[in-house]
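Undergrad: One structure, pasted below without further comment.
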Amino acid sequence: PRNRFQVVDPVSFFCLSDSHNSQPALPNGDVLIHAGDLTHSGSLCELQATLSWLQAQPHPVKIVVAGNHDVLLDASRDNDQTARAAENDPALERKLIDWGDFIYLENATTTVTCPNGRQLQIYGSPLSARRGNWAFQFPRGQDVWAETVPRGIDVLVTHGPPRAYLDLTRLGCELSNPNYRVGDLIGLNRRRIQQ
């Protein structure tokens, strides 16, 4: 069946997450999004190796959010001795990260200009519901999204999946505020993008 919507100024995205230090071949696209877990244990060495690999990719726009394994990027864990080796200073190590031309989003919004001139607002968050003792986690049942995700965004990038949306373990975030239901956001944005 033919698409009933007219595509105007299309933008191709390639999205991945949970690469955990692996470096698979990636298809080309206009925008590359890595939705967290760039590393396995969150060290500076692992993070920089993954960023260098992603930097070598041909995508003109590159967006990154952290994941629960990217421990170094979670400043709230700086004093957690179980999260890091005692001799490392996480704040200093974060300053050593070479982000290249990546846009790192931590509960933040950015506007990007795609190669065809189209501008998109992208919100990114590393948060995921607690499972183990990792980074960027919140207690299950807590609604961390209410009044957080801005209206009018075109792309929502989170590390943790919403419950039941490609959530194979059924451990994703339950959004209690109906204004921030991912299905509704997708529907709203689909209509906005195709206008």
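The values are calculated or read from the model by the stated rules, or taken from the named source; none is laboratory data. Since we're looking at a predicted model, the values are computed, not measured. For neighbour counting, all protein chains shown are included, and Cβ atoms are generated from backbone atoms with ideal geometry for every residue, glycine included. Ligands, DNA and RNA are excluded from the accessible area calculation, which covers all protein heavy atoms including side chains. Shrake-Rupley method; radii C 1.70, N 1.55, O 1.52, S 1.80 Å.
Undergrad: Only bridges with both residues in the range 1-152 count here: give the DSSP antiparallel percent, nearest 5.
TA: Around 35 percent antiparallel, to the nearest 5.
Undergrad: How much of the accessible area of the range 46-162, in percent, comes from carbon and sulfur atoms when a 1.4 Å probe is used? Spell out each step's value before the answer.
TA: Details: 2710 of 5430 Å².
The computed percentage sits at 50.
Undergrad: Probe of 1.4 angstrom, ligands and nucleic acids ignored: what's the accessible area per residue over the range 32-133, in square angstrom?
TA: Ligands and nucleic acids excluded, the result is 44 Å² per residue.
Undergrad: Label the range 34-151 by shape, choosing from rounded, prolate and oblate, from the square roots a ≥ b ≥ c of the eigenvalues of the Cα gyration tensor; if a/c is under 1.5 it is rounded, and otherwise prolate applies when a/b is larger than b/c, oblate when it is not. Write down the numbers at each step before the final one.
TA: Details: a/c = 2.35, a/b = 1.22, b/c = 1.92.
Note, shape of the range 34-151 comes out oblate.
Undergrad: What is the antiparallel percent of DSSP beta bridges lying wholly in the range 44-134, to the nearest 5?
TA: Counting only bridges with both partners in the range 44-134, antiparallel ones make up about 75 percent.
Undergrad: Moving on. Net charge near residue 75: determine it from the other residues with C-beta under 10 Å of the C-beta of residue 75, scoring Lys and Arg +1 and Asp and Glu -1.
TA: -1
Undergrad: Same structure, new question: Among 66-78, 125-137, how do they line up by average Cβ neighbours within 10 Å per residue, starting with the highest?
TA: On the way: 66-78: 21.8, 125-137: 19.1.
By packing density, highest mean first, the sequence is 66-78, 125-137.
Undergrad: Sum up the charges of everything whose Cβ sits under 11 Å from the Cβ of residue 37, counting Lys and Arg as +1 and Asp and Glu as -1, but leave residue 37 out.
TA: In short, -3.
Undergrad: Continuing with the same structure: For the range 1-68 and the range 88-142, what is the separation of their C-alpha centers, rounded to whole Å?
TA: Result: 12 Å between the Cα centres.
Undergrad: Okay, next question. How much net charge surrounds residue 21 when only other residues with a Cβ under 14 Å from its Cβ are counted (Lys, Arg +1; Asp, Glu -1)?
TA: Value of the local net charge: -4.
Undergrad: State the extension gain, in nm to one decimal, for the chain segment bounded by residue 106 and residue 49, taking 0.36 nm per residue of separation less the distance between their alpha-carbons.
TA: Stretched out fully, the residue 106 to residue 49 stretch lengthens by 18.5 nm.
Undergrad: If you stretched the chain out fully between residue 131 and residue 92, how much longer would it get, using 0.36 nm times the residue separation minus the C-alpha to C-alpha distance?
TA: 11.3 nm
Undergrad: Any chance you could run the full-extension gain for residue 140 through residue 5? It's 0.36 nm times the residue separation minus the Cα-Cα distance, nm to one decimal.
TA: Values: separation 135, 0.36 × 135 = 48.60 nm, distance 3.82 nm.
Gain in length upon complete extension: 44.8 nm.
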